[in-house]
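Working notes for the structure below.
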Amino acid sequence: MITMHKVVKFLIENGPGRTTKELAEAIFVDPGYQKRVNQDCEMMCKSGEVERRGSGCLADPHRYYPKTR
């Protein structure tokens, strides 16, 4: 079964540097799902699966990248 977690991780691995808004648009076509995607991104950051860059402001939004070893 494909989970949201797997879809988000796949998109980050195959298109690094996306914001949660861009990820939400890629999955749902609607950026209104950004909060849902953000939860998965936060969980993956905490578990060490992906890394987050950027300060989180409008000029420098958080962007997600595969974790480098």
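Points to keep in mind about this one:
- A crude spin-label estimate for the pair VAL29 and HIS5, with each label 7 Å from Cα along the Cβ direction, gives 2.8 nm.
- Probing with 1.4 Å while keeping every protein chain in the model, the per residue accessible area of the chain equals 68 Å².
- Taking the inverse of the mean reciprocal distance over all distinct Cα pairs, the Kirkwood hydrodynamic radius of the chain comes to 11.8 Å.
- Cα Rg, Dmax (largest Cα-Cα span) when computed across the stretch 29-69, Å: 10.9, 33
The values are calculated or read from the model by the stated rules, or taken from the named source; none is laboratory data. Treat the numbers as computed from the prediction; the structure is a model and nothing was measured. Heads up, the Cβs are rebuilt from the backbone with ideal geometry, glycines too, and the neighbour counts pull from every protein chain shown. Heavy atoms of the whole protein, side chains included, go into the accessibility calculation; ligands, DNA and RNA do not. Shrake-Rupley method; radii C 1.70, N 1.55, O 1.52, S 1.80 Å.
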